[in-house]
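Below you'll find the structure, written out as structure tokens, and then a few comments.
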Amino acid sequence: MTGRIESAAEVRPKAGEYVSGDAAFAVELDDGVLGVIVDVLGHGEEANALAVRIEAYVRENPSGYVVALMSRLHEAFRGSRGAAVGLCAVEAATGKLRYAGIGNTVIRRFGESDMRLVSRDGVVGGIMR
């Protein structure tokens, strides 16, 4: 798959701040797409810097194997302020969806049957189950 997806996201900083520690983006995979949501603990410039680093890491290391990618994120950002992260991979050919989420993230699927994909407790870079 090359150049066949479009995505958009909007995140808003906390009132009085200019940047946010949140991110939402999509990465094209060879066989589908990876949707990512990030909610760094705290707010402001430090939270934003970590969100930017997490996005760069995922874009440089994309994978449809969401559990393995989540584990690598956890190790790469161990000792940071931490983040809630949701990873959702969809295979283009089959529509098969894989999801892994840690912290206060939720991804919803809408279609013939709606589904709410809820994350496990924990913090990427901190305590993760």
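The values are calculated or read from the model by the stated rules, or taken from the named source; none is laboratory data. Quick caveat: nothing in here was measured; it's all calculated off a predicted structure. Cβ coordinates were reconstructed from backbone atoms using ideal geometry, including for glycine residues, and neighbour counts include every protein chain displayed.
One table, with the values for the structure above:
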| quantity | calculated |
| --- | --- |
| Some residue of segment 95-117 being over 13 Å from residue 38 (Cα atoms), in contact (Cβ under 8 Å) with a residue 12 or more places away in the chain and small (Gly, Ala, Ser) | no |
| Wholly within segment 21-129, strands (runs of 3 or more DSSP E) carrying at least 1 residues that are in contact with a helix residue (DSSP H, G or I) (Cβ under 6 Å, 6 or more places away or on another chain), surrounded by fewer than 16 Cβ atoms within 10 Å (Cβ to Cβ) and of a type in the set (Gly, Ala, Ser) | none |
| Evaluation of residue 118 against (1) out of contact with any Leu (no Cβ under 7 Å at 6 or more places or on another chain); (2) within 18 Å of residue 55 (Cα to Cα) (one fails), failing number | (2) |
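Conditions tested, residue by residue: (1) modelled with pLDDT of 95 or more; (2) closer than 14 Å to residue 23 by Cα.
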site	(1), (2)
50	yes, yes
57	yes, yes
70	yes, no
79	no, no
87	yes, yes
92	no, no
106	no, yes
109	no, no
112	no, no
